[in-house]
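What follows is a short report on a single structure.
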Amino acid sequence: MRSGICAAIVAATALFSLSSATADQPAHFMSVRMDGVEGRQGPGADQRVAWLYQRAGLPVMVLAEREGWKRVRDPDGDEVWMRSEDLEARRTVYVREQATLRRTARANGQVVAYLMPGVIGAVTRCDGDWRRVAVGGRIGWVQNASLWGGECAGLDQATRP
């Protein structure tokens, strides 16, 4: 009887420590540091590799953290665990649908470039629902509806006069 109670206490403690290690926190974005980053089914090198991410700079949403690992969601909606050291704080966005890069944050702004789905760019600023993005040496503004990872938390906010 006593060993059953002890086992139940140990199991409850383990469950509590697991849930507190992955406790809800505000989601934030980071990017994949290099090509060839493994996304695993669980937090640990012994867990099965679910995906091999071949795009440095790919934005991911960090959902939880645990002992040197981060649970992330990629632009396709897949959730995996990555080593913390395989991610960087640099903010990027993923173009979900064809988009126009404009010189100003206005629908009638001069066209700088047309961006195809799958393009990744650095994002540094918000102005309403526009994001300032740098892609292939060109810098301009894109409407956030065409992007994944363009939430403003952690980015500079533009103020209009």
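Is there a residue being outside any strand (DSSP E or B) and farther than 26 Å from A158 by Cβ anywhere in segment 90-112? No, the conditions are met nowhere in segment 90-112. Scan segment 100-155 for residues that are more than 17 Å from the chain's Cα centre (by Cα) and among the aliphatic types (A, V, I, L, M) and the total you get is 12.
Among the conditions (1) modelled with pLDDT under 95; (2) touching an Asp or Glu at 6+ places or on another chain (Cβ under 7 Å); (3) among the β-branched types (V, I, T), the only one that T159 does not satisfy is (2). Restricting attention to segment 57-67, the residues that are out of contact with any Leu (no Cβ under 9 Å at 6 or more places or on another chain) and open to solvent by 50 Å² or more (accessible area, probe 1.4 Å) add up to 2. One residue stands out in segment 116-161 among those that are among the charged types (D, E, K, R) and open to solvent by 20 Å² or more (accessible area, probe 1.4 Å): the one that is farthest from G77 (Cα to Cα), namely R160.
Of all the criteria given as (1) open to solvent by less than 70 Å² (accessible area, probe 1.4 Å); (2) closer than 25 Å to V37 by Cα, the one not satisfied by A113 is (2).
Candidates R91, R102: the one that is touching a residue at least 40 places away in the same chain (Cβ under 8 Å), crowded, with 16+ Cβ neighbours inside 10 Å, more than 24 Å from R33 (Cβ to Cβ) and basic (K, R) is R102.
The values are calculated or read from the model by the stated rules, or taken from the named source; none is laboratory data. Being a predicted model, the structure only gives us computed values, none of them experimental. Note that each Cβ is placed from the backbone with ideal geometry, even for glycine, and that neighbours are counted across all protein chains shown. The protein model used for the area step is the full one, side chains on, heavy atoms only, and it has no ligands, DNA or RNA in it. Shrake-Rupley method; radii C 1.70, N 1.55, O 1.52, S 1.80 Å.
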